[in-house]
1. If you check A:Phe344, A:Phe277, which single one turns out to be assigned to a helix (DSSP H, G or I) and in contact with a His (Cβ under 9 Å, 6 or more places away or on another chain)?
2. Only one of A:Ser82, A:Ser27 is within 16 Å of RNA strand B (Cβ to nearest atom) and assigned by TED's automatic domain parsing to the domain that holds A:Gly240. Can you tell me which?
3. For the condition in the same structural domain as A:His16 (by TED's automatic domain parsing) and over 30 Å from A:Ile217 (Cα atoms), what is the one hit in A:Glu386, A:Glu421?
4. Any idea which residue in region A:298-307 is farthest from A:Ile374 (Cα to Cα), counting only those that are open to solvent by less than 70 Å² (accessible area, probe 1.4 Å) and assigned to a loop (DSSP other than H, G, I, E, B)?
5. I need every pair where a residue in region A:127-146 that is assigned by TED's automatic domain parsing to the domain that holds A:Gln117 has its Cβ under 6 Å from the Cβ of a residue that is surrounded by 13 or more Cβ atoms within 10 Å (Cβ to Cβ) and not aliphatic (A, V, I, L, M), sequence separation at least 6 or different chains.
6. Could you tell me which numbered condition A:Asp69 fails, if it satisfies all but one of (1) in contact (Cβ under 8 Å) with a residue 60 or more places away in the chain; (2) within 16 Å of RNA strand B (Cβ to nearest atom)?
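The values are calculated or read from the model by the stated rules, or taken from the named source; none is laboratory data. What you see is a predicted model, and the numbers here were worked out from it, not measured in a lab. Here Cβ is always computed from backbone atoms with ideal geometry, including for glycine, and neighbour counts include all displayed protein chains. Side chains are part of the model used for accessible areas, which takes the heavy atoms of the whole protein and leaves out ligands, DNA and RNA. Shrake-Rupley method; radii C 1.70, N 1.55, O 1.52, S 1.80 Å.
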Amino acid sequence: MSHINENIQLEFIISHAKAYGFIFPSSEIYNGLSAVYDYGQYGVLLKNNIKNFWWKSMVQLRKDIIGIDSAIMMDTNIWKASGHINAFNDLMIENLNTKSKHKIDILIEEYIENKIQKEINNAKIILGNSFNEEYFIKNNTNIIALNLKKKKIFEQMFKLLKSNNIAEIKSLLIELEIINNNWGNIQKCNLMFKTKLGYTDDKQIDIYLRPETAQGIFSNFSNVQKTGRMKIPFGIAQIGKAFRNEIIARQFIFRMKEFEQMEMQFFIAPHEDKKWFSYWKNIRLKWYLSLGLDKYYFKFKNHTKLAHYANAATDIEYKFPFGFKELEGIHSRTDFDLRNHQKFSKKKLQYYDPYKKCCYIPYVIETSAGLDRIFLSIFSYSLKKELLPNGNSRIVLKLPPTIAPIKAAIFPLVNKDGLPEIAINIFNKLKLYYNIIYEEKESIGKRYRRQDAIGTPFCITVDYESLSDNNVTIRFRDSMLSKRVSIKNLKKFLENHINMKILLKKIINIYNKN
RNA sequence: GCGGGAAUAGCUUAAUUGGUAUAGCGUCAGCCUUCCAAGCUGAAGAUCGCGGGUUCGAAUCCCGUUUCCCGCUCCA
């Protein structure tokens, strides 16, 4: 057996996902909604299995992590505290030469950063080995002045924004030589989806659909810590939908406007962030590999430009058909979120540490995975075109058996002579434990191939010998070989091959070794 | 957002450069079938992405638009 093409194209993945009921474009009968997709009958099963595996790994197996499910709608102040709403976040401007669009606040940050970096580079050359960067940044008068200047610029901009003087902001940027006349007008855009709360017009207030699930965890920190009697270090996990008005959505379900995150915020003592950051980096990569995926398809990518909340960040990337792209982010968020929520809500979000005998705002290490992206990675990894010894080819979805949507299919070899009755009997017994299907239509070969295409790891066939010896044939999806097993041992056979506890045991091993 | 390409049945696709649409696979019903998309009979399924224009006549030409793919770009 050989692979016809190692690099399966995205278009083929999309058409297979549609043809076999995994993923459909949203609102397709109305021409489709851009960057929104629906999960079909097999897609939802696969997705739920991935979710389930994550939840059991992160919550069920760990006494130091508990799970919650917070609401999608939250008080707007949460997004002020988190930094998602700030006055300049939504302002964009286009460089007419390069046709690229830029966020105003980032342009200013970069402008100041570049100047600071120049000072640092100069000092390095002059001072040589005796140069201490941390000390220099804190005490150099030029750098202090630059930081002051930045503060002033933002203050000025804020004033202009308040008086709705957006055109003046552009003049200010030109004056500072951040941009020149070859830039377009400043435009407002919304990266968060807005909706209205209140059912009469006069009582309506704007709220946002959450752009990340994390804030539901931070805002519940105190409740969960106290009622769960959790001691630091501990984590809060959550799976849920998030919404972003992506400027450009591309690559199938990789970047969607409505997507699902699986994330865990791990609360730790201040300055233990380095240790826990590398711990979770390590654990999370091994979680992917435990599914049996080749490590050649994964890599870490360290962020050089950090988000406003992080002091260290790494992505776990997967080699998609369109290149290495982020699956999961591991971020060291410091106490940024809790500190800001304490400030905005005026509620204490501190933790009394009984061992250290002091109060502090915990630091946070975040692991934030994109469920749809993991789905796509596993789906594209598993989809193969194979050339068979007889010259034919087959399309087979070699999913890890434990997360396959259908675990086994039961067939009578022929549709007569009492064979269907035995097969239905087996089906009725096994369906209590696993998601399986019964099928009697078409030839046996066609039924095997249909199961190959949706990733069913085992097909169980009742034949004439079964009538006398009570054995059936189990046909393996990946090797296409078969094996005789007695009917009464089927449940045990499946348990040994497709029960999720096989994976969970691996995860326990990983936890014990780290 | 820019540039390039595409859109015909569930999937893959044909239509001699203007004459209301082809097939394979799949699906459904029946027959037949002793292990890898077998065979026979029959059936359903396409206002050719959508809107407009040119024309006696448009899947085909023109304009607009939507969606998708590729490359840039962007991405707390």
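1. When all the criteria are applied, what remains is A:Phe277.
2. A:Ser27
3. Residue meeting the stated conditions: A:Glu386.
4. A:Ala307
5. That search, which allows pairs on different chains as well, returns A:Phe131/A:Lys124; A:Asn142/A:Glu119; A:Ile143/A:Glu119; A:Leu146/A:Lys115.
6. Every condition holds for A:Asp69 apart from (2).
Quick grid of which residues meet (1) basic (Lys, Arg); (2) surrounded by fewer than 21 Cβ atoms within 10 Å (Cβ to Cβ); (3) more than 27 Å from A:Ile108 (Cα to Cα):
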site: A:Tyr288; (1), (2), (3): no, yes, yes
site: A:Leu291; (1), (2), (3): no, yes, yes
site: A:Tyr296; (1), (2), (3): no, yes, yes
site: A:Tyr309; (1), (2), (3): no, yes, no
site: A:Ala312; (1), (2), (3): no, yes, no
site: A:Gln342; (1), (2), (3): no, yes, yes
site: A:Tyr360; (1), (2), (3): no, yes, yes
site: A:Val364; (1), (2), (3): no, no, yes
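So that you can scan it fast, the table gives a plain yes or no per residue for (1) part of a loop (DSSP other than H, G, I, E, B); (2) away from RNA strand B (no atom under 16 Å from the Cβ):
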{"residue": "A:His331", "(1), (2)": "no, no"}
{"residue": "A:Asn340", "(1), (2)": "no, no"}
{"residue": "A:Lys356", "(1), (2)": "yes, yes"}
{"residue": "A:Ile365", "(1), (2)": "no, no"}
{"residue": "A:Ser368", "(1), (2)": "no, no"}
{"residue": "A:Ile374", "(1), (2)": "no, yes"}
